[in-house]
Amino acid sequence: MAKQFKNKESWTNQFTVERPQAKLWSRLSTGWRVLWKMLGAAALLLGLWTAALAVLPRVAVSPLIKLDPSNAFSAQFIVSNEGYVSLYDVKFGCTLYFVRTSDDTVFDRVVTDQEELFKVVLEPGDRTACTCFLPFVPGSTVKTADIGINVVYWSFLWPWRREVQFRFVTMKSSDGRLEWVPKERPPRK
């Protein structure tokens, strides 16, 4: 006589055989799915970080030719926007870390006022010229100088004001004139 089943569930339980290989495969496939999700999330974070670094504001300062070959402080400095976003409220200032003149006048850690640039907004690729002034010393020339060019700005990606400094020192050229060269940064420890 045939066995009567009360419901379909007891009938399927009667004929289902558990296979240990199926459980192992199920656990392995779940583990791989979790691993791929974690790798995908890590790749997404790395991509977002790289994109953020690519669009951060970048400012560069470089010395231009001197207007008066005998006066190192007649040189203009070019402030340029090397990034992909606009810079707003750009200001320029000078710090005289050490300046010695021909009559042995020494300026040590003198900060000049920040001045508004003619271009208040520097679009990507824009450049403007600025001059770093030496306090008035009549009849003397600069023997050596170490200065910092300070650029203050903000951008829509970074709403707080940011200040960057570029250091320059004077070196004698082959014809005996002083030229501005970037000061090497000390190595990080």
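If you look at the Cα atoms of region 49-89, you get an Rg and a Dmax of 15.1, 48 Å. For residue 183, the residues whose amide H sits under 5 Å from its own are 167, 168, 169, ignoring neighbours fewer than 5 places away on the same chain, with H placed 1.01 Å from N. A convex hull fitted to the Cα coordinates of region 59-182 yields 100 cubic angstrom per residue.
Suppose the chain between residue 141 and residue 181 were pulled fully straight at 0.36 nm per residue; how much longer would it get relative to their current alpha carbon spacing?
Computed gain between residue 141 and residue 181 is 12.6 nm.
Peptides 161-173, 88-100 ranked from most to least packed give 88-100, 161-173, packing being the mean of other C-beta atoms within 10 angstrom over each peptide's residues.
Each value in this text was obtained by applying a stated rule to the coordinates, not by laboratory testing. These figures come from a predicted structure and were not determined experimentally. Positions of Cβ are generated from backbone atoms using ideal geometry, with glycine treated the same way; all protein chains shown enter the neighbour counts.
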